[in-house]
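The values are calculated or read from the model by the stated rules, or taken from the named source; none is laboratory data. None of these values were measured; they are calculated from a predicted model. For neighbour counting, all protein chains shown are included, and Cβ atoms are generated from backbone atoms with ideal geometry for every residue, glycine included. Accessible surface areas use protein heavy atoms only, side chains included; no ligands, DNA or RNA. Shrake-Rupley method; radii C 1.70, N 1.55, O 1.52, S 1.80 Å.
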Amino acid sequence: SAPAGGAAGGRKRRRSRALPAHPACPLTLPPPLLLLLLPGIMAASKPVEVPGGGGTAGLSRWQLALVLGTPILLGAGAVYLWGRRTARRGKGASERKTPEGRASPGPGGESGSGQPDGPGHEEMSPLGRAQAAKNKGNKYFKAGKYELAIQCYTEAISLCPPEKNLDLSTFYQNRAAAYEQLQKWTEVAQDCTKAVELNPKYVKALFRRAKAHEKLDNKKECLEDVTAVCILEAFQNQQSMLLADKVLKLLGKEKAKEKYKNREPLMPSPQFIKSYFSSFTDDIISQPLLKGEKSDEDKDKEGEASEVKENSGYLRAKQYMEEENYDKIISETTKEIEAKGRYMAEALLLRATFYLLIGNASAAKPDLDQVISMEDANVKLRANALIKRGSMYMQQQQPVLSTQDFNMAADIDPQNADVYHHRGQLKILLDQIEEAVEDFDECIRLRPNSALAQAQKCFALYRQAYTGSNALTVQAAMKGFEDVIKNFPRCAEGYALYAQALTDQQQFGKADEMYDKCIDLEPDNATTYVHKGLLQLQWKQDLDKGLELISKAIEIDNKCDFAYETMGTIEVQRGNLDKAIEMFNKAINLAKSEMEMAHLYSLCDAAYAQTEVAKKYGLKPPTL
């Protein structure tokens, strides 16, 4: 996740987040976070068979939290928490029929429906009379006479011998179905609970109780029930998976809203900050101090930290930036602003940028608003402020406001390559690929040596071909990546994006080579180690190597929330749920936006629900 503005250059730029982000998948800081989401945008399409490529994968790749899939982690942070699932998702997607004639099969496979003593008996057994009452109730149910159906099911319950657990559970479940039609949710939950006590793996009762809990706003209980259903159904029923996804997102948003409001601001790592600023080329505030801004004595001190003699909070802040003493930036720029000094516009923009970097968008917005409204300020400052505010709006899922800011930036500074670069990323997120390519082309026209724009244009074209399942255009896009890394061999982003495309096409060996190239160019880029670790899992199912690389990422940058998140998802796959929850909580504390935090809470809640289901029902999904 990256702050507003430096979309692709950010240290975490290549993670899928819930665009839901995600990803979900998922975002974080404004524009820089844009590329973060790109892998997640390549939703659910099958890899395309390309001549000479690696074949097709046939798996839906990008889903959030509990929309589940194979226990092999695929791609940039897209994780499937549970279960093995084939590419076909049609099975089990139809509505469950209610009421029913008998209980779900028990653990041993017996129907347990309990037949009458036999056709030769003139007098029905107690169970036979209970079944007759139930059958009468079913007729009333189908006729829409739910109160009468309830009376019959109640009679069946009273007549049924208590040792006939499975039959009795059916009668409770059928009565719950009738209560459901009358929207009596408390009664639905109570009867389903009785049914589940009698038959703990009764899918229909568990799912109906989950829906009742949803209506009663019991999100935690709803999640536990639907989690059990997903596992029992082997993740083959879309209804239950969609409910799980829905409640996870609601829980995540609810928890993130409270947590984010009270969070302590946290400065990202120096690597992240430098990478963020490197995604801008026309950003005045990120440029080194000019010679005239330093004293003659300082100019002669090569290799020593310069000291600015002029009493300017902004210039001191710039000096601290060069020294990577980032914690002092906000306080120094505040001094310049309060003094209404010569560099007030620059100070406002620099302070806003660091507010974004620490995840405080509410504090950043007034500063950005003020810079944008300063018509006498340098147009590059105003355009940069618009880019960052537009990216912030996109992170907050306000695409109309975001688009307005980018368009305004293009109007006031049409020769600013950054505007087109970052607007191109916005267009990709909005699935406006042709317009994105046009923006990247304009960026390249203004700045022909912009390797980043070249690489991202390639990725946009690839994504368009990939989702369209067009083998020829996929092949052309892959060739485009080859041209980019040939023409710009020092552009790490080119290798990283190419590696993602190669992974999609299952050309794992070559993808691994691209990640190695990326690491050679940026050895302190923690995110690349995470992606390479994920590749080891998908390619060779090498869990040890994957964890080793992700641990290396944390060693390089102990504030890399993506690494903790990924480690957590792997621990879920291994069945180490307590360890997974610990990792997710570390990532939550490092999240740079409320939206990112909500995504992480969804992952954590999904893992926690599994622990509860395992305790209650002994149900566990497959593990690595």
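Out of the residues in region 538-556 that are open to solvent by less than 10 Å² (accessible area, probe 1.4 Å) and more than 19 Å from the chain's Cα centre (by Cα), state the one that is farthest from Asn589 (Cα to Cα). Can you show your working first?
Looking only at region 538-556, we keep the residues that are open to solvent by less than 10 Å² (accessible area, probe 1.4 Å), and these are 546, 550, 553.
Imposing the further condition that a residue be more than 19 Å from the chain's Cα centre (by Cα) reduces the set to 546, 553.
Details: Gly546: 24, Ala553: 17 Å.
Out of the qualifying residues, it is Gly546.
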> Among the listed residues Lys388, Lys328, Lys335, which satisfies the condition of being in contact with a Gly (Cβ under 7 Å, 6 or more places away or on another chain), surrounded by fewer than 19 Cβ atoms within 10 Å (Cβ to Cβ) and either part of a helix (DSSP H, G or I) or not polar (S, T, N, Q) (or both)?
Replying inline: Lys335
> Does region 225-233 include one or more residues that are open to solvent by 10 Å² or more (accessible area, probe 1.4 Å), more than 18 Å from Pro621 (Cα to Cα) and not aliphatic (A, V, I, L, M)?
Replying inline: no
> Taking region 358-376, which residues are closer than 19 Å to Lys318 by Cα and at pLDDT 95 or above?
Replying inline: Ala364, Asp367, Leu368, Val371
>> Tell me the residue from Ser593, Ser602 that is at pLDDT 95 or above and either open to solvent by less than 10 Å² (accessible area, probe 1.4 Å) or closer than 15 Å to Ser551 by Cα (or both), please.
In response: Ser602
> Do we have any residue at all in region 481-488 that's surrounded by 20 or more Cβ atoms within 10 Å (Cβ to Cβ), among the aliphatic types (A, V, I, L, M) and more than 29 Å from Gln415 (Cα to Cα)?
Replying inline: no
> Of the residues Val419, Val400, which is in contact with a Cys (Cβ under 9 Å, 6 or more places away or on another chain) and of a type in the set (A, V, I, L, M)?
Replying inline: Val419
> Mind checking which residues of region 342-373 are small (Gly, Ala, Ser) and out of contact with any helix residue (DSSP H, G or I) (no Cβ under 6 Å at 6 or more places or on another chain)?
Replying inline: Gly359, Ser362, Ser373
> Which number in (1) closer than 30 Å to Lys261 by Cα; (2) open to solvent by less than 10 Å² (accessible area, probe 1.4 Å) marks the one condition that Asp578 misses?
Replying inline: (2)
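Go through region 144-233 and tell me which helices (runs of 4 or more DSSP H), entirely inside it, have 2 or more residues that are under 17 Å from Ala609 (Cβ atoms) and modelled with pLDDT of 95 or more.
Details: elements: 146-159, 165-181, 185-198, 203-215, 219-232.
Output list reads 203-215, 219-232.
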